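Novice: Mind having a look at this structure? Questions to follow.
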Amino acid sequence: MTDADYMTLALELARKGAGWTSPNPMVGAVLVQNGRIIGQGWHKRRGGLHAEREALADCRESPAGAVLYVTLEPCCHHGRQPPCTDAILEAGIGRVVVGSLDPNPLVAGKGIEILQAHGVAVETGVLREECDRLNRAFFRYITVKRPYVTMKYAMTLDGKIATRTGASRWISGEAAREQVHRDRHANAAILAGVRTVLADDPLLTCRMEGGKQPLRVICDTRLRTPLDSQLVRTAGEFPTVLATGPVGAGRAAPYRAAGCQVWELPLREGRVDLPALMDRLGAEEIDSLLLEGGGTLNWAMLEAGLVQRVQVYLAPKLFGGTAPSPVAGTGVAYPAQAVRVRGWTVTPVGEDFLIEGEVDQSVYGDC
């Protein structure tokens, strides 16, 4: 097996931590001695052992002189766990192969420098693109302290997200809906607007067996979420935030009594300041967010430069007539002003197609 083969295995291990490690990165590690795998592991949960220490704990023979393959640069600072560089040096590892460099200012190349200073051979950049892609949420969070936002919606071939009567269940098929629940598990939070709550009364939970429940965040400037909505009635069971304007303690009291958190945020042009909301989520260690809003909120997030990825479930159906668009708002005036999606992929998901891509951030600057 080649270095790339072992790194591919490390990536497979790392993905097992999806949904559980936030706001830490997903990391996998494989130990190889004379062409034999002698230990492997991954970062299983926030606060738990890091992948390197998991792999060492999995060893059934001495790792001295072995090669360690790890998807992210080993940490060299004390956090919830001690430095992995210490464990690597204590084990006598002879060579370390790294996928991604860690942008965390506490690491940022220092882990590699420490290993090399102690005589460990280090190679970087093996399957770097794949390793970087795995932790794109962590990279954004650790550098700008805001969540990585994926805008998700389902639409028909003629661009409808509902019929002329407003009915929207179900546009996509069962396989696509199952994938959405896996994505809810993998993200730290879900964001929707109050109009979606008023129209659909959604639950916004992860219904994947054994899945993790994301923080439910509702953008509700005037605090119109009904007290008898599913969201409020289940707030004691599933964490729920109502992001609103300055409404006062009296109006917020019944929601707080029901178990909701009410965040009173500044307004921008009469609506909740979305950058301020992203800052607050980052301060709460929310590193990834699935945007399941309607057209108005989707456009507002795009216009503010707060969306990093677009995820569209395209159903082979035609509704015709007039219906809301997945992205509304004022829109752009000319085609050249379009928000562009790069590096897109198309994946069959049951009877539907999933189109994904990264939003070109160059038009926004540092948002």
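Novice: Quick one: which residue in L89, L157, L115 is of a type outside the set (D, E, K, R) and within 24 Å of F353 (Cα to Cα)? Explain how you work it out, then say what you get.
Specialist: On the way: L89 fails: within 24 Å of F353 (Cα to Cα); L115 fails: within 24 Å of F353 (Cα to Cα).
Result of the check over L89, L157, L115: L157.
Novice: Criterion first (open to solvent by 20 Å² or more (accessible area, probe 1.4 Å) and either over 27 Å from A18 (Cβ atoms) or of a type in the set (A, V, I, L, M) (or both)) does D201 satisfy it? Outline the logic, then answer.
Specialist: Working: open to solvent by 20 Å² or more (accessible area, probe 1.4 Å): yes; either over 27 Å from A18 (Cβ atoms) or of a type in the set (A, V, I, L, M) (or both): yes.
Answer is yes for this residue.
Novice: Those residues that are in a helix (DSSP H, G or I), open to solvent by 50 Å² or more (accessible area, probe 1.4 Å) and without any contact (Cβ under 8 Å) to a residue 40 or more places away in the chain, I need them from the stretch 167-195; list them, please. Full working, then the answer.
Specialist: Within the stretch 167-195, the subset in a helix (DSSP H, G or I) is 174-186, 194-195.
Now drop any that are not open to solvent by 50 Å² or more (accessible area, probe 1.4 Å), which leaves 174, 177-178, 182, 195.
Within the stretch 167-195, R177, E178, R182 meet the criteria.
Novice: In this structure, is P316 modelled with pLDDT under 90, under 27 Å from A175 (Cα atoms) and over 23 Å from the mean Cα position of the chain (by Cα)?
Specialist: Details: modelled with pLDDT under 90: no; under 27 Å from A175 (Cα atoms): yes; over 23 Å from the mean Cα position of the chain (by Cα): yes.
So P316 fails the test.
Novice: Exactly one of (1) surrounded by 15 or more Cβ atoms within 10 Å (Cβ to Cβ); (2) touching a helix residue (DSSP H, G or I) at 6+ places or on another chain (Cβ under 8 Å) is unmet by P266. Its number?
Specialist: (1)
Results for (1) open to solvent by less than 40 Å² (accessible area, probe 1.4 Å); (2) in contact with a helix residue (DSSP H, G or I) (Cβ under 7 Å, 6 or more places away or on another chain), shown as yes or no for each residue.
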| site | (1), (2) |
| --- | --- |
| T2 | no, no |
| G17 | yes, no |
| T21 | yes, no |
| L31 | yes, yes |
| N34 | no, no |
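Novice: What pairs come up if the first residue lies in the stretch 280-294 and is on the phi > 0 side of the Ramachandran plot, the second is in a loop (DSSP other than H, G, I, E, B), and their beta carbons are under 7 Å apart, counting only those six or more places apart or on different chains?
Specialist: Pairs that qualify, where the first residue is on the phi > 0 side of the Ramachandran plot and the partner is in a loop (DSSP other than H, G, I, E, B), are E285/P23.
Novice: May I ask you to verify whether T150 is in contact with a Cys (Cβ under 8 Å, 6 or more places away or on another chain) and either crowded, with 22+ Cβ neighbours inside 10 Å or without any contact (Cβ under 8 Å) to a residue 60 or more places away in the chain (or both)?
Specialist: Here the answer is no, as T150 does not meet what is asked.
Novice: Another question about this same structure. Looking at (1) modelled with pLDDT of 90 or more; (2) crowded, with 18+ Cβ neighbours inside 10 Å, which is the one condition that is false for E356?
Specialist: (2)
Novice: Can you spot a residue in the stretch 218-235 that is among the small types (G, A, S), part of a loop (DSSP other than H, G, I, E, B), open to solvent by 20 Å² or more (accessible area, probe 1.4 Å) and at pLDDT 95 or above? So that I can check it myself, show each step before the final result.
Specialist: Initial filter on the stretch 218-235 (among the small types (G, A, S)): 229, 235.
With the extra rule that they be part of a loop (DSSP other than H, G, I, E, B), the set shrinks to 229, 235.
Imposing the further condition that a residue be open to solvent by 20 Å² or more (accessible area, probe 1.4 Å) reduces the set to none.
Within the stretch 218-235, none of the residues are among the small types (G, A, S), part of a loop (DSSP other than H, G, I, E, B), open to solvent by 20 Å² or more (accessible area, probe 1.4 Å) and at pLDDT 95 or above.
Novice: Taking the stretch 108-133 as the search range and keeping residues that are open to solvent by 30 Å² or more (accessible area, probe 1.4 Å) and under 16 Å from the mean Cα position of the chain (by Cα), which one is farthest from G65 (Cα to Cα)?
Specialist: Among them, the one singled out is R133.
Novice: Moving to a separate point now. So in the stretch 196-211, with the set limited to residues that are of a type in the set (A, V, I, L, M, F, W, C) and touching a residue at least 60 places away in the same chain (Cβ under 8 Å), which one is nearest to R271 (Cα to Cα)?
Specialist: The first filter runs over the stretch 196-211 and keeps only residues of a type in the set (A, V, I, L, M, F, W, C), leaving 197-199, 203-204, 206, 208.
Cutting the leftovers down to touching a residue at least 60 places away in the same chain (Cβ under 8 Å) gives us 199, 204.
On the way: A199: 19, L204: 22 Å.
Ranking the candidates gives A199 first.
Novice: Another question, if that's okay. Residues of the stretch 13-30 being part of a helix (DSSP H, G or I) and not aliphatic (A, V, I, L, M), which ones?
Specialist: From the stretch 13-30, those part of a helix (DSSP H, G or I) are 13-17; that's our starting set.
Hits for the stretch 13-30 are R15, K16, G17.
Novice: Determine which member of the set A328, A338, A304 is more than 21 Å from V180 (Cα to Cα), of a type in the set (A, V, I, L, M), open to solvent by less than 70 Å² (accessible area, probe 1.4 Å) and touching a Pro at 6+ places or on another chain (Cβ under 9 Å).
Specialist: Values: A328 fails: touching a Pro at 6+ places or on another chain (Cβ under 9 Å); A338 fails: touching a Pro at 6+ places or on another chain (Cβ under 9 Å).
Among A328, A338, A304, only A304 is more than 21 Å from V180 (Cα to Cα), of a type in the set (A, V, I, L, M), open to solvent by less than 70 Å² (accessible area, probe 1.4 Å) and touching a Pro at 6+ places or on another chain (Cβ under 9 Å).
Novice: Please determine whether any residue of the stretch 65-76 is part of a loop (DSSP other than H, G, I, E, B), open to solvent by less than 50 Å² (accessible area, probe 1.4 Å), touching a Pro at 6+ places or on another chain (Cβ under 7 Å) and touching a residue at least 12 places away in the same chain (Cβ under 8 Å).
Specialist: Yes; the residues of the stretch 65-76 include at least one that is part of a loop (DSSP other than H, G, I, E, B), open to solvent by less than 50 Å² (accessible area, probe 1.4 Å), touching a Pro at 6+ places or on another chain (Cβ under 7 Å) and touching a residue at least 12 places away in the same chain (Cβ under 8 Å).
Novice: OK, next. Given the conditions (1) on the phi > 0 side of the Ramachandran plot; (2) under 22 Å from the mean Cα position of the chain (by Cα); (3) in contact (Cβ under 8 Å) with a residue 24 or more places away in the chain, which single one is not true for L49?
Specialist: (1)
Novice: Can you list residue pairs whose Cβ atoms sit under 6 Å apart, with the first residue in the stretch 212-241 being within 24 Å of E269 (Cα to Cα) and the second being polar (S, T, N, Q) and assigned to a loop (DSSP other than H, G, I, E, B)? Count only pairs 6 or more apart in sequence or on different chains.
Specialist: Listed pairs, sorted by first residue: I218/T225.
Novice: If I ask for residues that are open to solvent by 50 Å² or more (accessible area, probe 1.4 Å) and in a helix (DSSP H, G or I), which ones from the stretch 90-107 would you list?
Specialist: Filtering the stretch 90-107 down to residues open to solvent by 50 Å² or more (accessible area, probe 1.4 Å) leaves 90, 95, 101, 105-106.
Listed by number, the list holds a single entry, E90.
Novice: Next question, about the same structure. In the stretch 242-259, what count of residues is obtained for those that are open to solvent by 10 Å² or more (accessible area, probe 1.4 Å) and touching a residue at least 24 places away in the same chain (Cβ under 8 Å)? Before you say what the answer is, go through the steps one by one.
Specialist: First, pick out the residues of the stretch 242-259 that are open to solvent by 10 Å² or more (accessible area, probe 1.4 Å): 246-251, 253-259.
If we keep only those that are touching a residue at least 24 places away in the same chain (Cβ under 8 Å) too, we end up with 247, 251, 254-255, 258-259.
Number of matching residues: 6.
The values are calculated or read from the model by the stated rules, or taken from the named source; none is laboratory data. Given the structure is predicted, the values throughout are model-derived calculations rather than measurements. As a convention, Cβ positions derive from the backbone with ideal geometry for all residues, glycine included, and neighbour counts pool all protein chains shown. Calculation scope for accessible area: heavy atoms of the full protein, side chains included, ligands and nucleic acids excluded. Shrake-Rupley method; radii C 1.70, N 1.55, O 1.52, S 1.80 Å.
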